[in-house]
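Only one structure is covered here, and it is reproduced in the block below.
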């Protein structure tokens, strides 16, 4: 699927990966997440992405495999989902440990973690 800026007006893309099935949001909206890329309403993108991540953590990710170095046995690797608020805490600590301003980190209302350039701070900090 080739997507160019402007041909998905009002909607946003979520990369879902190889997961199969559907996710249902708090407001009752259901999205089929079987395609590798789906279109969602702007206000749903963070929740859809979070639900996909949670499913991978619970069910495993079909493309995450490792080989035991001693036995040669292949096994599925655990998938860890880290919510945006936790990602922000990690980023703030890393900045602080490096002597930089941790207030540069923001979790947007869409659930994205943003590290603003030096000299700028987050307007609406969460997490």
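Each reported figure results from applying straightforward, stated rules to the coordinates on display, with no laboratory input. Not measured: the values here are computed from a predicted model. Using ideal geometry, Cβ is built from the backbone for each residue, glycine included, and neighbour counts are taken over all protein chains shown.
A few notes on this one:
- Most tightly packed first, judged by the mean number of other beta-carbon atoms within 10 Å of their residues, the peptides 25-35, 86-96 read 86-96, 25-35.
- Two-site FRET efficiency, residue 90 against residue 25, from Cβ-Cβ distance with R₀ of 41 Å, rounded to 0.05: 0.95
- Summary of packing: across the peptides 48-57, 68-77, the per-residue average of other C-beta atoms within 10 Å ranks them, highest first, as 48-57, 68-77.
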